[in-house]
Structures are given as C-alpha cells and as structure tokens.
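The values are calculated or read from the model by the stated rules, or taken from the named source; none is laboratory data. Being a predicted model, the structure only gives us computed values, none of them experimental. Reconstructed Cβ throughout: ideal geometry from the backbone, glycine too, with neighbour counts over all protein chains shown.
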Amino acid sequence: NAGVTQTPKFQVLKTGQSMTLQCAQDMNHNSMYWYRQDPGMGLRLIYYSASEGTTDKGEVPNGYNVSRLNKREFSLRLESAAPSQTSVYFCASSDNRGSETQYFGPGTRLLVL
Amino acid sequence: DAKTTQPTSMDCAEGRAANLPCNHSTISGNEYVYWYRQIHSQGPQYIIHGLKNNETNEMASLIITEDRKSSTLILPHATLRDTAVYYCIVGGMNRDDKIIFGKGTRLHILP
C-alpha cells in the first residue's frame, strides 16, 4: 500500500494563477482532509470530506475549493493564487469523520510569487 | 484556538525516557486524547490515543490523569530519530468536530 499520495511535491505559481493539488489514498478510508502548515505553525484544516460526495469547510477555507472525485481522491483547487497561500499543504485520510487516526501524505510545498 | 496547552520545547538525553505533558482542562466526556508527531518536513505521524485508561503501543505510552484534564506521552528510550514536533489533540467522534493541531512541543533528543 502506498498510503496517502500527493502531487505535485513542489510548485511555484505567480499571483493570480490557478492550480489543483491532487491527493489519493488506497486504504479505503471514508474521510479525507486538506490542511495547510505555515512556517513555525501547526496545521490548520482547510476542507474535509466525511464521505464520497460530501465536503465541508474547515478553519481556513477562503480562497480554496475542493472536489471529492471518488472514494480514493480528494483535490484542492486554488482559483487565483495569492502570496498568502504560500504554505505546505498536507492531505490526510481516516476511517471515520471525527478524530479517528489520520494518515498523512508527504505534503506539497507551494510558493506563490 | 487549540483545546490543548503544551510546552514550546523540551530536551531529552538519548536513551532516557522523554515525558511530554499536555493540558486539556476543557476536555469533554466523549473526547479522546490523540498524539501525533511531525519529523522535519514530513507529514504528521499518528502515535497513540486514549479516552480514560492509560495506553501503550510499540511507539509510546499515554498516561491520562483521572480527571482527564491532562496527559503525558512517554517515549521510553528516546533516540535521535525521535527529534520532532509532538502534537497533543483532543477530539470526539462527531461529524462537526474539527481537529485543531496547535503548535505542539518541539522535542530535541541530545546525544
């Protein structure tokens, strides 16, 4: 099992550009999450999906959209990137919504110029 | 705001037990205590969790006080590879629960 995979690993964008961060899990988990982590800070929840076909806002959803494409895949889209969105983005999955054990991907490092 | 309070940083000598405290005085009856760690630049890794009883697994032990207002994560024989940021999190199983990681404790294992 690969666990949780994320693509790309690194990305540089110019202000105003758009991009989609991809996440996939092969553990048959119901719930998936997107977090961002700024330097020296803890993780902050952007969006989550408790099950296929559902998504909900987390702590910092502004400027992002998500799609739960199927049970395996959960993508995060930046429609018009801003320098404030420079961060490391982590995707995670778990068996059930709530505080069940979460398994994290390796992260995507995004720089917005 | 995070529901937990942890020291910003701690040092521990290699081979000794590392004891990481966490205060969660507002924890509710159905909330678990979870511990994760994040080694530099990697995604967080689950360590252990518990509700009321003390728990032990191959990585660590979790001691929860009787009133559940605080807990301690114990790494019994710390190695240099245990250098990481350790996050204590409380959360339940409800749909609307949102996990808040906080800033965690930066643990330095000293050779």
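One line per residue, one yes/no per condition, for (1) surrounded by 14 or more Cβ atoms within 10 Å (Cβ to Cβ); (2) basic (K, R):
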{"position": "B:S28", "(1), (2)": "no, no"}
{"position": "B:E31", "(1), (2)": "yes, no"}
{"position": "B:R37", "(1), (2)": "yes, yes"}
{"position": "B:Y46", "(1), (2)": "yes, no"}
{"position": "B:M59", "(1), (2)": "yes, no"}
{"position": "B:S71", "(1), (2)": "yes, no"}
{"position": "B:Y87", "(1), (2)": "yes, no"}
{"position": "B:G91", "(1), (2)": "yes, no"}
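Output the number of the condition that A:S49 fails; it satisfies all remaining conditions of (1) facing chain B (nearest Cβ under 10 Å); (2) of a type in the set (S, T, Y); (3) in contact (Cβ under 8 Å) with a residue 24 or more places away in the chain.
(1)
Return yes or no: is A:V60 within 13 Å of A:R36 (Cβ to Cβ) and within 14 Å of another protein chain (Cβ to nearest Cβ)?
Yes.
Take the range A:86-105 and flag every residue that is in contact with a Phe, Trp or Tyr (Cβ under 8 Å, 6 or more places away or on another chain) and either without any contact (Cβ under 8 Å) to a residue 12 or more places away in the chain or of a type outside the set (A, V, I, L, M, F, W, C) (or both).
Those that are in contact with a Phe, Trp or Tyr (Cβ under 8 Å, 6 or more places away or on another chain) and either without any contact (Cβ under 8 Å) to a residue 12 or more places away in the chain or of a type outside the set (A, V, I, L, M, F, W, C) (or both): A:Y89, A:S93, A:S94, A:R97, A:S99, A:T101, A:Q102, A:Y103, A:G105.
When you go through (1) under 17 Å from B:Y36 (Cβ atoms); (2) β-branched (V, I, T); (3) at pLDDT below 95 one by one for A:V60, which number turns out not to apply?
Only one criterion is unmet by A:V60, namely (1).
Just to be sure I understand, how many residues within the range A:18-51 are under 8 Å from the mean Cα position of the chain (by Cα) and surrounded by fewer than 20 Cβ atoms within 10 Å (Cβ to Cβ)? Break it down stepwise before answering.
Here is the first cut: in the range A:18-51, the residues under 8 Å from the mean Cα position of the chain (by Cα) are A:21-23, A:33-36, A:46-47.
Subsequent filtering for residues that are surrounded by fewer than 20 Cβ atoms within 10 Å (Cβ to Cβ) retains A:22.
Residues flagged as under 8 Å from the mean Cα position of the chain (by Cα) and surrounded by fewer than 20 Cβ atoms within 10 Å (Cβ to Cβ) within the range A:18-51 amount to 1.
In the range B:27-63, which residues are basic (K, R) and within 17 Å of A:A92 (Cα to Cα)?
Pass one, the range B:27-63, residues basic (K, R): B:37, B:52.
The answer is B:R37, and nothing else.
Considering only the range B:73-83, state which residues are among the charged types (D, E, K, R) and surrounded by fewer than 15 Cβ atoms within 10 Å (Cβ to Cβ).
Answer for the range B:73-83, where residues must be among the charged types (D, E, K, R) and surrounded by fewer than 15 Cβ atoms within 10 Å (Cβ to Cβ): just B:R81.
So which residues in the range A:65-91 are closer than 21 Å to A:H29 by Cβ and assigned to a loop (DSSP other than H, G, I, E, B), if there are any at all?
Hits for the range A:65-91 are A:L69, A:N70, A:K71, A:R72.
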